[in-house]
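Inspection log for the structure reproduced underneath, given as C-alpha cells.
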Amino acid sequence: MSVHKEVKKVTTHQLQEMKRRGEKIAMLTAYDYTMAKIIDHAGIDVILVGDSASNVMAGHETTLPITLDQMIYHASSVIRAIDRALVVVDLPFGSYQGNSKEALTSAIKIMKESGAHAVKLEGGREIKDSIERILSAGIPVMGHLGLTPQSIYKFGTYTVRAKEEEEAKRLLEDAKVLEESGCFALVLEKIPAKLATEVAKAITIPVIGIGAGGGVDGQVLVTHDMLGMTHEFSPRFLRRYLNLYESMTGAFQLYIKDVKSRDFPNEGEQY
Ligand code: KIV
C-alpha cells in the first residue's frame, strides 16, 4: 500500500473565502513544468498560464500571435507540476471574441486538453454572453480589466488605463457586470490605485492587481519579470526579487570559460 500525502488544493471558493477573511492572494505566471513546480512548492495560491507566454517564451512583441494549441501546450506542462495551486489559463486572442459559441468551444478545448482549472478572458460587458455560456458548462472564469494587452492596437500604448473619469466609471460598471455574470475573480492591470481599491470594495469577488496598488485582494506578477530575467522591462509597479539576468549571464560566461580552458569536465566529472 502506498502512503499518499494529501495536499489541500486551492479552489475558487477558497479564494473568495480569503477575500472575506482579508487574506491576500498571491498569483504568479508560469508556462512550463520546471518553473511551475518551484512556484507551487513555494506555496503560491494561483498560477496563471498567461498569454504573456507570447512575449516571454516566444519573443513576440504582443500577446496576439499565441494560439489556442500553444496555450494548451504551456498549460498542460504546468498542470503536470502542480500539487496545490489553482491553475488559470488565458484564452488567447481570437479564440473567444467572435461569439459566445466560439468562446465556449475554445474554453472546453483548453480545459479538456490542458487539465487547467479555470480560464481568464479580457474584457467587460462586451463578453458577458460568452462568460455566462462558459460558466454554464461548469468552467470557472476569471475576468481581466484595465490594461488588456489583447487590445493593444485599440489603446495604442501600454500606459496606465482609466485615469479619466469616464473610463474609470465604465471600468467600475464592467467590474460589476463581471461579478454579476459569475466570474470568480478579476484581474485589474495598470490602473490608478485609488480606482482599483474602489473596485475591490464595490464587488465581493477577489480583485487581483498588477500595477493597481495595494488596496486590492491580491497581486500578480509575471515570474520572469520579478526574477529579473527580463531586465529590459522596468515598469514602476515591478518589484524585482532577484537579478537572474546577471546571475545567469555570469554562470553562462563561467561555463564558456571552463569549456574553452579545458577545466570542464575534470577527472571527477567523467566515466
Ligand atoms: O498574460 C499575463 O501574464 C497576464 C497577467 C499580466 C495578469 O494576463
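Only loop residues by DSSP count here, and only those with at most 14 other Cβ atoms within 10 Å; note down the trypsin sites (Lys or Arg not before Pro) in the stretch 107-181 that meet that.
Lys163
Where in the stretch 126-174 are there GluC sites (Glu not before Pro) that are in a DSSP coil and have at most 13 other Cβ atoms within 10 angstrom of their Cβ?
Of the GluC sites (Glu not before Pro), the ones in loops of the stretch 126-174 whose Cβ has at most 13 other Cβ atoms within 10 Å are Glu164.
Can you give me the relative contact order of the stretch 12-226 as a percent, contacts being Cα pairs under 8 Å and 6 or more apart?
It comes to 20 percent, rounded to a whole number.
Given H placed on each backbone N at 1.01 Å, which residues far from Val49 in sequence or on other chains put an amide H within less than 5 Å of it?
Ala30, Val88, Val89, Asp90
Between helix 165-181 and the chain, what is the angle of the helix's C-alpha long axis to the longest principal axis, kept within 0 to 90° and rounded to the nearest 10?
90 degrees
Under 15 Å between alpha carbons, and skipping anything fewer than 8 positions from Lys109 in its own chain: which aspartates and glutamates qualify?
Within reach: Asp69, Asp90.
Counting other C-beta atoms within 10 Å, which of Val49, Val216 has the fewest, and how do the rest follow?
Result, fewest neighbours first: Val216, Val49.
If you restrict to DSSP beta bridges whose two residues both lie in the stretch 12-226, what percentage is antiparallel, to the nearest 5?
5 percent
Pick out, in residue order, every one of the chymotrypsin sites (Phe, Trp or Tyr not before Pro) in the stretch 117-185 that is DSSP loop and has at most 15 other C-beta atoms within 10 Å; say none if there are none.
Within the stretch 117-185, the qualifying chymotrypsin sites (Phe, Trp or Tyr not before Pro) (loop, at most 15 other Cβ atoms within 10 Å) are Tyr158.
What list of ³J(HN,Hα) values in whole Hz, one per residue of the stretch 64-74 in order, does the Karplus curve 6.51 cos²θ - 1.76 cosθ + 1.60 (θ = phi - 60°) give from phi, with Gly and Pro shown as x?
5, x, 5, 9, 4, 5, 5, 5, 5, 4, 5
Alpha carbon centre of the stretch 37-98 versus the stretch 111-164: separation in Å?
14 Å
Report Rg (one decimal) and Dmax (nearest whole number) for the chain, counting Cα atoms only, units Å.
Final numbers for Rg and Dmax: 20.1, 70 Å.
Could you sort out which of Lys19/Lys176; Lys9/Lys37; Lys163/Lys194; Lys120/Lys154; Lys120/Lys201 sit more than 18 Å apart by Cα distance in this structure?
Listed pairs above 18 Å: Lys120/Lys154; Lys120/Lys201.
Could you work out the pair-distance distribution P(r) of the stretch 141-253 from its alpha-carbon pairs, with 10 angstrom bin width and percents rounded to whole numbers?
14, 41, 28, 13, 4, 0
Can you work out the Karplus-derived ³J(HN,Hα) for every residue in the stretch 38-50? Use 6.51 cos²θ - 1.76 cosθ + 1.60 with θ = phi - 60°, whole Hz, and x for glycine or proline.
Along the stretch 38-50, the couplings run 5, 5, 5, 5, 6, x, 5, 7, 10, 10, 9, 8, x Hz.
We did not get these values from a lab; they are worked out from the coordinates using the rules stated. Worth saying up front: this structure is predicted, and the values here are computed from it rather than measured. Positions of Cβ are backbone-derived with ideal geometry, glycine not excepted, and every protein chain shown enters the neighbour counts.
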